[in-house]
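Comments concern the structure below.
The values are calculated or read from the model by the stated rules, or taken from the named source; none is laboratory data. Model, not experiment: these values are computed from the prediction. Cβ atoms come from the backbone with ideal geometry, glycine included; neighbour counts cover every protein chain shown. What goes into the accessible areas is simple: the full protein's heavy atoms, side chains included, and nothing from ligands, DNA or RNA. Shrake-Rupley method; radii C 1.70, N 1.55, O 1.52, S 1.80 Å.
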Amino acid sequence: MIGATARTGARPGAVPPAGTPRTGERGERVAAVDELPDFPDDAHGDAVMWRNRALTLLDRVPVPIGVCRTDGTILLANPALAREWGLPPGRLRGRNVLELLRPRFTDQVHRIAEALRLGHRSRYPIEVRWAAADGDERYGELSVDPVSEFSGVPPGLLVVLRVRDRRESPPARLVVAGEPASPVDARLLALAAAGATTEAMARAVGMTADGVNYHFGRLARRWGVPGRTALVARAYVLGVLDPEVWPPAVAAPRQDP
């Protein structure tokens, strides 16, 4: 570098005027500083800084949150989530979230798997239970959000756990005295599960559209659910509809031992 300075006639340590062409040791032209493209000074450093801030914020959030692969493997867990098992967050990495938080209804998990296969990006709830650090059986709802930063990259899963208060009774399968649905109700539910309109259901069972609405309204009040979609879901849970067949059909009567 000393030799290069001597060839240019510049004093050691002197800064050439802005825009002055410079030459390297072999005489090649070197761009002046003000000729270089205008890039951010430290874009990578900013990204790292904000990532660290985001992780710090996640650590301070009191809501149990984690990030998983689509197979359920935990990649990241905040202290609030790890606290449910009395562990440091790093001990949850590599565990499967569905082994720690046991789904109460497997059909909810199957629905998420199918949605991921189809590329859907909605939010999906799963009723879960788990053995807490104090040995108590706990209940809650796991909210699953598929997220992806890049097109074509398999999504990750953002999971948020809503822990039910210890005083809350756990959600149980609905207990209905006697038969959960009459034969007409069951037939209507099977038609609704297949996507039939109110008019089509009325023709199929030989009643008016108002009659169909009356049956669904009465059943919704009895089961404590809103709307036909919830009625169909509850019908599968109660065993009114057969989950193994398509088109939807009424399940065969259960034989008491």
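Key figures for this structure:
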{"quantity": "Flag for Pro79 being closer than 20 Å to Val147 by Cβ, at pLDDT 60 or above and out of contact with any Ser or Thr (no Cβ under 8 Å at 6 or more places or on another chain)", "calculated": "no"}
{"quantity": "Asp210 vs. criteria in contact with a His (Cβ under 9 Å, 6 or more places away or on another chain) and assigned to a helix (DSSP H, G or I)", "calculated": "no"}
{"quantity": "Flag for Ala209 being over 25 Å from the mean Cα position of the chain (by Cα), over 21 Å from Leu238 (Cα atoms) and modelled with pLDDT of 90 or more", "calculated": "no"}
{"quantity": "Scope the stretch 116-149; condition outside any strand (DSSP E or B) and open to solvent by less than 30 Å² (accessible area, probe 1.4 Å); matching residues", "calculated": "Ala132"}
{"quantity": "One residue from Asp42, Asp38, Asp71, Asp107 being under 23 Å from the mean Cα position of the chain (by Cα), among the acidic types (Asp, Glu) and either under 19 Å from Arg162 (Cβ atoms) or modelled with pLDDT under 75 (or both)", "calculated": "Asp107"}
{"quantity": "Test: residue in the stretch 215-223 that is in a helix (DSSP H, G or I), open to solvent by 40 Å² or more (accessible area, probe 1.4 Å), touching a Phe, Trp or Tyr at 6+ places or on another chain (Cβ under 9 Å) and of a type outside the set (A, V, I, L, M, F, W, C)", "calculated": "no"}
{"quantity": "Subset of the stretch 239-249 (residues that are farther than 19 Å from Thr197 by Cβ and buried (at least 17 other Cβ atoms within 10 Å of the Cβ))", "calculated": "Val240"}
{"quantity": "Tally, over the stretch 181-203, of residues that are over 20 Å from Ala252 (Cβ atoms) and over 33 Å from the mean Cα position of the chain (by Cα)", "calculated": "6"}
